[in-house]
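The values are calculated or read from the model by the stated rules, or taken from the named source; none is laboratory data. Everything quoted here is computed from the prediction, not taken from an experiment. Please note: Cβ atoms are built from the backbone with ideal geometry, for glycine as well, and neighbour counts cover all protein chains shown. With ligands, DNA and RNA removed, areas are computed over all heavy atoms of the protein, side chains included. Shrake-Rupley method; radii C 1.70, N 1.55, O 1.52, S 1.80 Å.
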Amino acid sequence: MTICGLGGTRIVIWLRRLLPLALGANAALGFAPWDSWQLTIAGFALWLFLVHEAGSLRRALGIGWLFGLGHMTVANLWIQQPFEFQDKMPPQLGYIAVVLLAAYLAIFPMLAAGTAWRLGSKGASGDPAPRPDAAFVLVAGAAWTVTEYLRGTLFTGYPWDPLAVIWIPHLVVASAAQFVGTYALSGLTVVVAGALMLLAHRRWRLPLIVALLVTPLLWFPASRVRPASTAGAPIVRIVQPNLPEEARPTDDYAEANFQALARLSGRPNPDHPRLILWPEGAIRFPVEDGYPRYVYDMMGSAQTARIRMASLLGDHDAILTGTQGMYFDKRTENMTAATNSIAVIGADAKLHGRYDKAHLVPYGEYLPMRPVLEAIGLSRLVPGDVDFIPGPGPRTMAIPGFGKVGMLICYEVIFSGQVVDPAHRPDFIFNPSNDAWFGTLGPPAHLAQARLRAIEEGLSVVRATPTGISAIIGPDGSVRQSIPMGEAGAIEGPVLRGSPTLFSRVGNWMALIVSAILLICAIAIRRLAR
């Protein structure tokens, strides 16, 4: 009996220790494609209670890290999928990569938990508070805001699935991002979860305020926030060929992909000039002159490729397509680097501009510490032995007849406050992506984050992907048209021009401002309680 009792007690202790891990995993189910924001709020509410009751800073840090480990593992499960397309590394390594990434990302929730406990769990007298109060919740919200911002900026940054994105199904709530931005909205979401926790402890004031502000918005129909007028808006046509990533190694992939793109690009309409949008990496032929001759002998003439593309266009049409730039050693003519790029091709079969992706994916588009990692058998996930090099940052291209277009390739769109050239605000953003790498979990989450950028900046975001989800997103974050995953098709429609938002002017200083306000309110509450 004693042995059984001791064994049972140990099991209970271990289950209690692992509870933050389960809560973190549960709290990730508010992200797309699950969209169960209620589970996220409940998970954070229980986690905040555990942090408050930790008893020591070390315990609070441990609770924060375990919560983050579960949270970030579920949020990043899609990362395993690209390992299926890399012959140099076993697919099973993808699951280890997900956990290792989550172990690093969990440091930021750990810091938020430690800060909340250290600064917020004391009572007015300075002793540990017997019950959590509004001051603790406000400190936790400020701590989460700051640590999520750090996650999005340190070491190139990785802000995938910020907490604020759970509100995308409720655009009226998500629209707060146009004022405070993503990171501050994430911190305020922690305050909402904390209000639920206080309600369980019969602390009524903060929950009542939060309920009065948030509850009516959850029932407000999303359709009410759609912008109305499309008069004078440029017409875009998005093409989704639906050629899976597995087809890339085949010899005829480049031509099959071009034929699919051409077939879906439609016919010219002299009354409605079209900006035709093709996905990231759509063209497997060179479109630039000046490369060594053997490149054209192997891949085809750049001029021929541009002529074929121009043959799809009317006199006032243009194509924006994902492509690659290449760099060669002048002496040996060996390829030394590449760029992940967007090319502008006009009806005159000329190249009118190129944007190079600036925010590259570590281990995807380049291999950090290549000599060391190659020596132990590691490689980057995108096939090839030459690394991509970054461009100069967000750029705006003026395209006659269609206005000023901001360029962001793939996951560049997830970086809050870093998506627009501040000196040349675009009329809308083009975001080609290749979500074929990311299975069924990645594309919906990617789309949700692009919608959050649209809200923040007050700009339409137009996404073209090979296999889905391609979409025209309004400046309010609403999806006006889309092509589902796994379907070939095209959509054509106007792109609305939005107005600059408060966040577009202030940027991520809003995260600091909101955090400071939350901390000042927490201090005021403590002083009033003395």
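Take each peptide in 337-344, 57-64, 410-417, count the other Cβ atoms within 10 Å of every residue, and average; sorted highest first, the result is 410-417, 337-344, 57-64. Can you pull the percent of Cα pairs in region 419-513 with separation above 23 Å? I get 27 percent for the Cα pairs in region 419-513 exceeding 23 Å. Applying 1/(1 + (r/R0)^6) with R0 = 35 Å to the Cβ-Cβ distance of T332 and T440 gives a FRET efficiency near 0.20.
When each of the peptides 234-241, 389-396, 490-497, 184-191 is scored by how many other beta carbons lie within 10 Å of its residues on average, the order from highest to lowest is 184-191, 234-241, 490-497, 389-396. Here the Debye sum runs over all C-alpha atoms of region 237-332 as equal scatterers in vacuum, and log10 of I(q)/I(0) at q = 0.17, 0.24 Å⁻¹ comes out as -0.80, -1.32. Which stretch or stretches of region 457-499 have amide N atoms under 17 Å from the point lying 7 Å from N269's Cα along the Cα→Cβ direction? Taking a point 7 Å out along Cα→Cβ of N269, the residues of region 457-499 whose backbone N falls under 17 Å are 472, 481-482, 490-496. Accessible surface area normalised per residue over region 406-530 is 34 Å², counting heavy atoms of protein chains with a 1.4 Å rolling probe. Using the average count of surrounding beta-carbon atoms within 10 Å as a protection proxy, the listed peptides 427-440, 509-522 rank, highest first, as 427-440, 509-522. Extending 7 Å from Cα along the Cβ direction at L154 and again at A488 yields two label points whose distance is 4.7 nm.
For an R0 of 45 angstrom, estimate the FRET efficiency from the Cβ-Cβ distance between R505 and R293 and round to the nearest 0.05.
0.35
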